[in-house]
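Beneath this line is the structure, given in structure tokens, with notes to follow.
The values are calculated or read from the model by the stated rules, or taken from the named source; none is laboratory data. Here the structure is a predicted model, which means the values were calculated and not measured. No Cβ is skipped: glycine too gets one built from the backbone with ideal geometry, and neighbour counts run over all protein chains shown. Surface areas here come from the heavy atoms of the whole protein model, side chains and all, with no ligands, DNA or RNA. Shrake-Rupley method; radii C 1.70, N 1.55, O 1.52, S 1.80 Å.
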Amino acid sequence: MSTNLESRSPATDGTPAPRKILPSLVTGQEGVLIGIIAVLWILLGLLTPAFLTSGSILPLLVAVAPIALIGVGMTFIIITAGIDVSVAAAIMVTAVITSQTMVATGIPLIPAVLLSIGVGALLGLVNGLLVAYGKIHAIIITFGTANVFQFIGLRFFGSSTVNGLPDTFDVFGRGEAGRTLGIPHSFAITLLVVAVAWWYLRHAASGRHLFAIGGNENAARLAGIKVKPLVLMTYVITGALVGLAACFFIGQGTSTLEQSVGAGRELLVIAAVVIGGTSILGGRGTVFGTLLGAILVQTVTSGVTQLGWPSQLSDLFVGVAIIAAVGTDILRERSRRKS
Amino acid sequence: MTTTALKNNEVGHRQENLGYRAVRMLLTQRIALLGLLIVVVLAIMTSLDFAGALSGSYDADYLAAALISAVPLAMLGLAQLMVILSGRGGIDLSVGAMVSLCGIVFGYSYGIWDLGLFPAILITAVAGVLCGALNGFLVAYMGFPPLIATLATFYALKSLALIVSGQKPISTLQIQDFFSAAQSVEIPVIGHSLPDVPLGIFTFLIPTALLAWVLLNRTTFGRRLYALGTNDVAAIWAGVDTRANRMLAYVLSGLISGLVAIVIVAQFASARPDAGVSGNGLALPAITIAVLGGVAITGGIGRVSGILLATLLIVWLNAGILLAFAGNEGTQLQLLALGLLLIGASLLNNVTRKKFGVLH
């Protein structure tokens, strides 16, 4: 199927050669983002000498990691023209279950991470089943499950915080334990996931199918693509990544887990994805762009704090960044269609 | 697909007995279903009350007092109705941020600059219209997907509200006295035998609902909104200025958010910069109300009466849950109820569409 699509046999009967299926390695949006991030980093470096030091950049990368990680799953979902606004609530559920288990039993790192990923995947499965097989618009379903997840999370919390967390997840944290050779583990893991996801979306047959589903679900189904299992998969993957990201959040926090863990992250993740050039209408997007989007958002947030401006200003810049990024994307699409 | 629809129709005609017709009405007329659910909730809660399982009495006075939370909820539900009707993925995530910012505007103009109540309300409404116009411009004229445009303005306006106010709530004497606008009053003429009803119902909710109903059902704007929400391209060919009409839907959403801001300032006796975005914010409950009220997320379908009944259902159910479960458990169960209702309602919408075609 996909080999058919990708092979570019010269047209023998005089018809034009098929349009190329694979996008260029770096899309326009990614180039723009790299430029903006470079300009911002240089400006911040000039204005606050402390910015371009490892004491400032490394925490930034650690903070980017969970957002970009969930962003990878969200990119998959949005490419299929879906959306998941329940990730914030899912972070809360996975974080509270994992940390309560760690406090109660003191399980070591690997089982704790696997538990977190498992719980996250289970929540993603609920979303995926309802979206793929219930045939309901994804935003409605995930608004609904967000409420249900929040209920579950708060029930686990009882009415207090989780106290006395062990230092198991310090390997994902900001401190010395979170780095090897100066590279934060959480960011390295995120880079690895981004790389695998990039390869999958670009070169695996089912990865290309996700774009087909987002472009035209009906056409994709008629072309023999198993739409429902693939859509289900995107939500399960997102859930699993939420589970892993929850470990990062716990590792970045203190020894107390607050009930507000994850709050508001769903919109931040979606912001990172759309700033990264993924079309909310489906059918177009890259995980590399999402990583850049997450870095841009985090740069703005840390930059505002380091300049000594009121931290609430960062949200204003995030809003402006979304409008600017999507606006240039829309204009580029328009001019491409005209030419 | 077509054949099954035909078969269903045939079966329907053959078994046109009372039970079948009742089921069909409940599924196709969202108002009928919501009405039934409200009756069920009231019946269950009242019987629990008689059995002594509630921590307070679930009577008419309690139900009337609970309506205070229906005012902002229903009004924002109407705001979502306007934008979701306009189609092409219409949605407004920024209502909470607009409420926060407009609340601060009202706090300044009424509480600090002391311009008088009506000029202050006017200024706040204009602020809402401007915020809505920004959304409308981005969506209708720039071609932004509504989810993205309103996500961006959500961030920007939320931040503006915090910065303009210096993160401090405004609660000067005027604002504190304004609390009287949120009190309950006796309904004139027939009121002495009925429980007192929150004033906001008459001053804000009923005028907004009436205006929304007239706009949607008795003006060309309303019919055009349904048209372009149902089929954008067809509306263009029919000569509808889809851009201007779609923009107007977002402007109205902003205007309603501005009015809600005043209601919320009155309820808290304070203009808080995070009034609309703290906790889950206001957008999520408003969208839930809209979907529960039978508004199709794809646009073109939805009614004012559905929004009002869905609000009553949620508000009275929540009020009952608070009496049945003490403390934290009650507020947590409200989340569960909201989530399950939303998922249930949308699954039901699907069944209806498959079995009977359109939902009314």
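Could you work out which residue, out of B:L93, B:L117, B:L138, moves most in a Gaussian network model of chain B, that is, has the largest mean-square fluctuation with Cα springs under 10 Å?
It is B:L117.
Which order do peptides B:316-322, B:254-260, B:205-211 fall in by mean Cβ count within 10 Å, highest first?
Details: B:316-322: 21.7, B:254-260: 30.0, B:205-211: 16.9.
Packing order, densest peptide first, comes out as B:254-260, B:316-322, B:205-211.
Which loop-located chymotrypsin sites (Phe, Trp or Tyr not before Pro) does region B:29-62 contain, where loop means any DSSP state but H, G, I, E or B and the Cβ has at most 11 other Cβ atoms within 10 Å?
On the way: sites: B:F50, B:Y58, B:Y62; in loops: B:Y58.
Listed in order of number, the matching sites amount to none.
Calculate, for B:A65 and B:T298, the FRET efficiency according to 1/(1 + (r/R0)^6) with r their C-beta to C-beta distance and R0 25 Å; round to the nearest 0.05.
Numbers: r = 37 Å, r/R0 = 1.49.
Once the sixth-power term is evaluated, E becomes 0.10.
Roughly what would the spin-label model give for A:N163 and B:D177, points 7 Å off Cα along C-beta, in nm?
Taking the two extended label points, one gets 4.7 nm.
Across every pair of different alpha-carbon atoms, what Kirkwood hydrodynamic radius in Å does the protein assembly as shown reach?
26.8 Å is the Kirkwood radius here.
Would you mind getting me the FRET efficiency between A:A324 and A:N218? Use the beta-carbon distance for r and R0 = 45 Å, nearest 0.05.
Numbers: r = 34 Å, r/R0 = 0.75.
Calculated transfer efficiency: 0.85.
Could you state the accessible area per residue of region A:61-326 in Å², with a 1.4 Å probe and every protein chain left in place?
Per-residue value: 35 Å².
Using just the alpha carbons, could you tell me how many Å³ per residue the convex hull of chain A encloses? Walk me through the numbers before you get to the answer.
On the way: hull volume 51.2 nm³, N = 339.
Once divided by residue count, the hull of chain A is 151 Å³.
Between the helical axis of A:287-306 and the dominant principal axis of chain A, each derived from Cα atoms, what acute angle in degrees is found, rounded to the nearest 10?
Helix A:287-306 sits roughly 40 degrees off the main axis of chain A.
Work out, step by step, the length gained on full extension between B:A269 and B:D196: first 0.36 nm times the residue separation, then minus their alpha carbon distance; give nm to one decimal. Numbers along the way, then the final one.
On the way: separation 73, 0.36 × 73 = 26.28 nm, distance 2.01 nm.
The B:A269-B:D196 span can extend by a further 24.3 nm.
Would you check the accessible area of A:R284, probe 1.4 Å, heavy atoms only, in square angstrom rounded to 10?
Its heavy atoms expose roughly 80 Å² to the probe.
Could you give the C-alpha radius of gyration of region A:144-254 expressed as a fraction of 2.2 N^0.38 Å, taking N as the number of residues it contains?
Values: Rg = 18.9 Å, N = 111, 2.2 N^0.38 = 13.2 Å.
Its radius of gyration relative to the 2.2 N^0.38 Å reference: 1.43.
With a cut-off of 16 Å, note down the residues of region B:198-214 whose backbone N falls inside the zone around a label point 7 Å from the Cα of B:S305 toward its beta carbon.
Hits in region B:198-214 for B:S305 at 16 Å: B:209-214.
Could you check how much of the accessible area of region A:61-326 is carbon and sulfur, as a whole percent, using a 1.4 Å probe? Write down the numbers at each step before the final one.
Details: 6130 of 9190 Å².
Accessible surface attributable to carbon and sulfur in region A:61-326 totals 67 percent.
Quick test of the membrane-span-like rule: which DSSP H helices of chain B reach at least 24 Å along their long axis (C-alpha atoms) with mean Kyte hydropathy at least 0.0?
Working: long enough: B:30-50 (30 Å, 2.25); B:117-136 (28 Å, 1.90); B:146-164 (26 Å, 1.75); B:242-268 (39 Å, 1.37); B:304-324 (30 Å, 2.25); B:327-356 (43 Å, 0.41).
Length and hydropathy pass: B:30-50, B:117-136, B:146-164, B:242-268, B:304-324, B:327-356.
Separation between the B:T331 and A:V196 pseudo-spin-labels, each 7 Å from Cα along Cα→Cβ, expressed in nm?
Rounded to a tenth, the inter-label distance reads 4.0 nm.
Compute the helix-to-body angle for A:109-134: its Cα long axis versus the longest principal axis of chain A, expressed 0 to 90° and rounded to tens.
On a 0 to 90 degree scale, this one is about 40.
Based on Cα coordinates alone, diagonalise the gyration tensor for region B:31-356, multiply each eigenvalue by 5, take square roots, and list the semi-axes in whole Å, largest first. Kindly include the intermediate steps, with their values, before the conclusion.
Details: eigenvalues 181, 146, 63 Å².
Listed largest to smallest, the semi-axes of region B:31-356 are 30, 27, 18 Å.
Taking all protein chains as present, what is the carbon and sulfur share of the accessible area of region B:31-356, in % to the nearest whole number, probe 1.4 Å?
On the way: 8790 of 12660 Å².
Summing carbon and sulfur atoms, their accessible area is 69 percent of the total for region B:31-356.
Nearest 20 debye, what's the magnitude of the dipole of region B:167-301 about its Cα centre given +1 on Lys and Arg Cβ and -1 on Asp and Glu Cβ?
That gives region B:167-301 a dipole magnitude of about 420 debye.
State, in square angstrom and to the nearest 100, the accessible area buried between chains A and B, both chains counted, probe radius 1.4 Å.
Working: alone 16110 and 17150 Å², together 29700 Å².
Buried area (both sides, nearest 100 Å²): 3600 Å².
Can you tell me, using C-alpha contacts under 8 Å and at least 6 residues apart, the relative contact order of region A:185-283 as a whole percent? Write out the running numbers ahead of the final one.
Working: 35 pairs, mean separation 30.2, N = 99.
Result for region A:185-283 is 30 percent.
Could you work out [θ]222 nm for chain A from helices alone, using -39500 (n - 2.57) per DSSP H run of at least four and dividing by all its residues? Round to the nearest 500 deg cm²/dmol. Numbers along the way, then the final one.
Working: 13 runs with 235 residues, N = 339.
It lands at -23500 deg cm²/dmol.
Could you work out the relative contact order of chain B? I mean the mean sequence separation of Cα pairs under 8 Å and 6+ apart, divided by the number of residues, in percent.
In percent, rounded to a whole number, it is 32.
What distance in nm lies between label points placed 7 Å from Cα along the C-beta direction at A:A177 and B:A234?
Once both label points are built, they end up 6.3 nm from each other.
If you take the beta carbon distance between A:R337 and B:R218 as r and set R0 to 35 Å, what does 1/(1 + (r/R0)^6) give as a FRET efficiency, to the nearest 0.05? Mind dumping the intermediate values first?
Numbers: r = 39 Å, r/R0 = 1.12.
Given R0 = 35 Å and the Cβ-Cβ separation, E is 0.35.
Report, in degrees rounded to the nearest 10, the 0 to 90 angle that the Cα long axis of helix A:87-105 makes with the longest principal axis of chain A.
Rounded to the nearest ten degrees, it is 40.
Could you work out which residue, out of B:F325, B:F178, B:F154, moves most in a Gaussian network model of chain B, that is, has the largest mean-square fluctuation with Cα springs under 10 Å?
Largest GNM mean-square fluctuation: B:F325.
Could you tell me the largest-minus-smallest coordinate of the C-alpha atoms of region A:248-339 on each of the three principal axes, in descending order and whole angstroms?
Sorted largest first, the three principal extents are 57, 29, 19 Å.
State whether region A:149-214 is rounded, prolate or oblate according to the following rule on the C-alpha gyration tensor (a ≥ b ≥ c being the square roots of its eigenvalues): a/c under 1.5 gives rounded; otherwise a/b larger than b/c gives prolate, and the remaining case gives oblate. Show your work: numbers first, answer last.
Working: a/c = 5.58, a/b = 1.38, b/c = 4.04.
Oblate, since a/c reaches 1.5 and b/c is not below a/b.
Rounded to the nearest 20 Debye, what is the dipole magnitude of the protein assembly as shown about its Cα centre when Lys and Arg each give +1 and Asp and Glu each give -1 at the C-beta?
Numbers: 37 positive and 27 negative charges, 512 e Å.
My answer is approximately 2460 debye.
Pop out a list of residues from region B:127-148 that are at least 20 Å² less accessible with all the protein chains around than in their chain alone; 1.4 Å probe, no ligands or nucleic acids counted.
Those are B:L138, B:M142, B:F144, B:P145, B:L147, B:I148, which lose 20 Å² or more relative to the chain on its own.
Please average, across the residues of B:328-334, the number of beta carbons from any other chain that are within 10 Å of each residue's own beta carbon, and give a whole number. Don't jump to the answer; show the numbers that get you there.
Details: counts 6, 4, 0, 2, 9, 3, 2.
Across the residues of B:328-334, the mean count of other-chain Cβ atoms within 10 Å is 4.
Among A:L165, A:L46, A:L267, which one shows the biggest mean-square fluctuation in a GNM of chain A, springs joining Cα atoms closer than 10 Å?
Of the options given, A:L46 has the highest mean-square fluctuation.
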